[in-house]
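Beneath this line is the structure, given in structure tokens, with notes to follow.
Nothing in this text is a laboratory measurement; each read-out follows from the coordinates by a stated rule. These numbers were taken from a predicted model, which means no experiment stands behind them. Every residue, glycine among them, receives a Cβ derived from its backbone with ideal geometry; neighbour counts consider all protein chains shown.
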Amino acid sequence: MSAAPLPYPVATLGDGRARAILFDSAKCIGCRQCVEGCKDWNDLPRGNAYRIGASTWLTIEPPLLEGSSPIWGRNSCMHCRYPLCAAVCPVEAITKYEEGPVVIDQGACIGCELCVHACPWHVIAKDPASNKASKCTMCHDRVAEDSPPFCVQACPVGALEFGLLDELDARAAARAQERHAHVYGRREAGGTQVLHLLDASPGEHGNPEVGPQRYPAHRIPFGTMAKAFFSMRGGIGGKWRAIKNALGKPWRLKYRYWHRPEVSP
């Protein structure tokens, strides 16, 4: 019996082996060199380092100066194994790569904002200049060359690691057991490829509570769904691609209009 098709494009960057980022909150000092490194590599403007947006794909929580908090957290795309943002996209502009990255194709995006509201982590923003959705790409260009994301390279204290998912998952689990910590992202939303080793609750580290079900329930505003359905966002070409996708893959519509979370295997 063949597996059910996934509701989004899947591709590979190289060897297809699943990778992950591991954030160890106990090592983080809140210096935000990862934030500025992300901006530099992705040609994003400096400034506004404290709030996720089109020009800031990564934040360190809480929004305090280095060394002034006893607990630090990280917010960015979690690169879900089952990305709801990609499932709700009407033009399949978001691809899940087997190595980990979930990437928005800027050329295909029509700016409908469905992914912005569907994301359970609230880390996708609409760029006011391009009218396209924007978020962390896990530096997929670097991953394709077997190099770590630039945020990982920029961290001066080793709070960020990058490697094969199975190896980092085992490493995180061992550390969590040693210090009675929690591995956030391991089961949330059916599993992600960004793992957080947290010594307190997710909320205390600035992360949302997300259940273990794949494709979590979303709260896309009715007005946003109506605009995506009736408006000409993306022009005639974008509307035609959305209609063609809906007619060719009608089963994908459930993720937008009558979605219910799925039990993880």
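For region 10-257, give me the percentage of DSSP beta bridges that are antiparallel, rounded to the nearest 5 percent.
On the way: 18 of 24 bridges.
Expressed as a percentage, antiparallel bridges in region 10-257 total about 75.
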Among ALA129, ALA173, ALA144, which one shows the highest mean-square fluctuation when the chain is modelled as a Gaussian network with alpha-carbon springs under 10 Å?
ALA129
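Can you tell me the order of 62-71, 34-43 when each peptide is scored by its average per-residue count of other Cβ atoms within 10 angstrom, highest first?
Values: 62-71: 12.1, 34-43: 18.0.
Order by mean packing, descending: 34-43, 62-71.
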Considering only THR12, GLY223, THR95, whose Cα is most displaced toward the positive end of the charge dipole of the chain, charges sitting on Cβ of Lys, Arg (+1) and Asp, Glu (-1)?
GLY223
Under 18 Å from a point placed 7 Å out from the Cα of LEU65 along the Cα-to-Cβ direction: which residues of region 12-29 have their backbone N that close?
29
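Which whole-number percent gives the relative contact order of the chain, counting Cα pairs below 8 Å spaced six or more residues apart? Walk me through the intermediate numbers first.
Numbers: 535 pairs, mean separation 65.9, N = 265.
Contact order relative to length: 25 percent.
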Around PRO83, what is the net charge, scoring Lys/Arg as +1 and Asp/Glu as -1 over all other residues with Cβ under 11 Å from its Cβ?
+4
Modelled label reach - TRP240, point 7 Å along Cα→Cβ, region 107-128 residues with backbone N closer than 17 Å
108-110
Here are some pairs, LYS96/LYS244; LYS126/LYS227; LYS39/LYS126; LYS39/LYS96; which of them have Cα atoms lying more than 19 Å apart in this structure?
LYS96/LYS244; LYS39/LYS96
Please give the per residue volume of the convex hull enclosing the alpha carbon atoms of region 78-222, rounded to a whole number of Å³.
129 Å³
For region 1-142, what does the alpha-carbon gyration tensor say about shape, rounded, prolate or oblate, given a ≥ b ≥ c as the root eigenvalues, a/c under 1.5 as rounded, and a/b over b/c as prolate?
prolate
Taking the chain as a Gaussian network, where each spring joins two C-alpha atoms under 10 Å apart, which residue of PRO83, PRO120, PRO250 fluctuates the most?
PRO250
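Could you compute the net charge surrounding ARG241? Neighbours are other residues with a C-beta less than 14 Å from the C-beta of ARG241; K and R count +1, D and E count -1. Write down the numbers at each step before the final one.
Numbers: positive: ARG233, LYS239, LYS244, LYS249, ARG252; negative: GLU92, ASP105.
Within the 14 Å Cβ shell, the charges total +3.
Per DSSP helix of 4 or more residues, -39500 (n - 2.57); summed, then divided by the residues of the chain. What does that give at 222 nm, rounded to the nearest 500?
Details: 9 runs with 70 residues, N = 265.
Per the formula, -7000 deg cm²/dmol.
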Between MET232 and GLU178, Cβ-based FRET efficiency (R0 51 Å, step 0.05) works out to 0.35
